[in-house]
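Take a look at the structure below.
The values are calculated or read from the model by the stated rules, or taken from the named source; none is laboratory data. Just so it is clear, the structure is predicted and the values come from calculations on it, not from any experiment. Neighbour counts are summed over all protein chains in view; Cβ atoms, including those assigned to glycine, are modelled from backbone coordinates with ideal geometry. Accessible surface areas use protein heavy atoms only, side chains included; no ligands, DNA or RNA. Shrake-Rupley method; radii C 1.70, N 1.55, O 1.52, S 1.80 Å.
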Amino acid sequence: MVNFSKPTAFFFALLTGCANPSRTTDSLYQQLGATAGLEQLVDGVLVEIERDQQIVHHFKDTDIVRFRRLLIEQLCQLSGGPCQYTGATMQESHTGFAITPADFDNLVNHFIKVMSAQQIPVTTQNALLAKLAPMYSDVINR
Ligand code: HEM
């Protein structure tokens with residue numbers, strides 16, 4: 001008779017996990033921890049923005065609750081998750097802020113710091129950053 005002691009159940013769970021790798025790793029969205037992971041990521045980035053004297057002034061009139069919701073939505077859609085981004089275009093939403101290349105670098109570094117703290121593998125981090133990089137020209141010097 002099979003003894004479903006705790007260790008056996010644990011190894012069974014591991015085996016079934018390995019048998020279906022596509023279920024958990026098939027999209028960047030899943031690799032980032034799905035919605036819960038993205039919420040954690042954006043919350044961490046918001047904390048870093050708040051501490052960053054070089055860029056925080058850009059957000060002085062921003063509705064942060066709305067910004068948080070839209071950033072999560074956008075990252076979810078970009079990474080292949082089940083969301084539809086409902087905010088403004090990157091060009092529209094960043095016009096008038098005169099965001100510099102150095103500001104952009106700071107934000108990217110905040111993403112890297114928070115993803116590293118979340119134990120997100122570097123390859124996954126780079127995959128997300130590669131989705132953000134094309135937005136550079138829509139965001140800076142506008
Ligand atoms: C690829 C990088 C970036 C992404 C994906 C991104 C994403 C977003 C999103 C989704 C919004 C909300 C749009 C809306 O209100 O409809 C937003 C707004 C905003 N972003 Fe970015 N952003 C990026 C880079 C930056 C940088 C580098 C800065 C400055 C350091 C910045 C400052 C702002 C500010 C101040 C707002 C709020 C505008 C307002 O209050 O109306 N963003 N961004």
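Tabulated values for the structure
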| read-out | value |
| --- | --- |
| Estimated FRET transfer efficiency (I112, I140; beta-carbon r; R0 22 Å; 0.05) | 0.75 |
| For segment 47-132: relative contact order, % (alpha-carbon pairs under 8 angstrom, 6 or more apart) | 27 |
| Cα extents of segment 33-142 along the three principal axes, largest first (Å) | 33, 27, 25 |
| Whole-number accessible area per residue in Å² for segment 27-139, which is evaluated in the context of all protein chains at 1.4 Å | 55 |
